[in-house]
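Contents: one structure, followed by commentary.
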Amino acid sequence: NAGVMQNPRHLVRRRGQEARLRCSPMKGHSHVYWYRQLPEEGLKFMVYLQKENIIDESGMPKERFSAEFPKEGPSILRIQQVVRGDSAAYFCASSPLAPISPEGGNIQYFGAGTRLSVL
Amino acid sequence: AQSVAQPEDQVNVAEGNPLTVKCTYSVSGNPYLFWYVQYPNRGLQFLLKYITGDNLVKGSYGFEAEFNKSQTSFHLKKPSALVSDSALYFCAVRGFSGGYNKLIFGAGTRLAVHP
């Protein structure tokens, strides 16, 4: 059973370009979370998605950032017109249970992350 | 407000010595607490959790954590550190916002174990 797969592992973009980060959750997991880790900082929640639905995007910057989790295929975090401040590690996690359930949200399984560098 | 504090940016310990990585939390109701570890260029790996029951929980790689309700703490411990334990450790608490349970992470503590 493969773990959470993120690609690419490293992504280099110039200012103004678009970055697309992909995440395939563990098999059977339908709840996906994206986090951002700035250098020397902890993880900051960005967005929580279920299949075809954005449940909570309260941690997403208002502009240039979007996320989706289509019925088929991986979840995508998209950053348009990247700026230097977007340079960070972006982690995806998945869980098997809905976090609304009493036991849900207890453990999340993380991918290895995508390290975005904006030149 | 729901939050997690890891008061130490870095902990240094000699190999073979006991280690403690500190964590305090603030959450309403009974806390669900977690420790994750991040090795260089890797994602976070789950170490252990406290949901209910014994205050001392045992996890992976010989780590354990002690839940102390009166001090609202959940310190990570290991009796004898290994150089391979050197990594970034995150404490997390399950909070509830936006209508669902959410993991709230501390800023992380870097553990350096010296030979």
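The values are calculated or read from the model by the stated rules, or taken from the named source; none is laboratory data. Just so it is clear, the structure is predicted and the values come from calculations on it, not from any experiment. No Cβ is skipped: glycine too gets one built from the backbone with ideal geometry, and neighbour counts run over all protein chains shown. The area values use the complete protein model at the heavy-atom level, side chains included, leaving out ligands, DNA and RNA. Shrake-Rupley method; radii C 1.70, N 1.55, O 1.52, S 1.80 Å.
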**Prompt:** Taking only C-alpha pairs under 8 Å that are 6+ residues apart, what is the relative contact order of chain B in percent?
**Reply:** 36 percent
**Prompt:** Between B:Gln10 and B:Ser84, what FRET efficiency follows from the Cβ-Cβ distance if R0 is 22 Å, with the result rounded to 0.05?
**Reply:** 0.80
**Asked** Using a 1.4 angstrom probe on protein heavy atoms only, which residues from segment B:28-59 are buried by at least 10 Å² of accessible area when all chains are present rather than their own chain alone?
**Response** B:Tyr32, B:Phe34, B:Tyr36, B:Gln38, B:Asn41, B:Arg42, B:Gly43, B:Leu44, B:Phe46, B:Lys49, B:Ile51
**Complete:** So the A/B interface buries, both sides summed and with a 1.4 Å probe, an accessible area in Å² (nearest 100) of 1900 Å²
**Message:** Can you give me the % of accessible surface on segment B:36-94 that is carbon or sulfur? Probe 1.4 Å, all protein chains present, nothing else counted.
**Reply:** 50 percent
**Request:** Could you tell me what fraction of 2.2 N^0.38 Å the Cα radius of gyration of segment A:1-63 comes to, as a two-decimal ratio?
**Result:** 1.25
**Average beta-carbon neighbours from other chains, 10 Å sphere, peptide A:53-60** = 2
**Prompt:** What translational D, rounded to a whole number of µm²/s, comes out for the protein assembly as shown from Stokes-Einstein when the hydrodynamic radius is the Kirkwood one over Cα pairs, at 37 °C and 0.692 mPa s?
**Reply:** 180 µm²/s
**Request:** Could you grab the relative contact order for chain A? Cα pairs under 8 Å, six or more apart, rounded to a whole percent.
**Result:** 36 percent
**Cα→Cβ-extended label distance, 7 Å offset, between A:Glu41 and B:Ile51, nm** = 3.3 nm
**Fill in**
Stokes-Einstein, Kirkwood over Cα pairs, chain A, 10 °C, 1.306 mPa s; D in µm²/s equals 111 µm²/s
**Request:** Give the long-range amide H neighbours of A:Ser30: residues separated by 5 or more places, or on another chain, with amide H under 5 Å away, using H modelled in the peptide plane at 1.01 Å from N.
**Result:** A:Ser95
**Cα extents of chain B along the three principal axes, largest first (Å)** = 46, 31, 22
**Asked** R0 = 25 Å: FRET efficiency of B:Gln2 with A:Lys62, Cβ-based, nearest 0.05?
**Response** 0.65
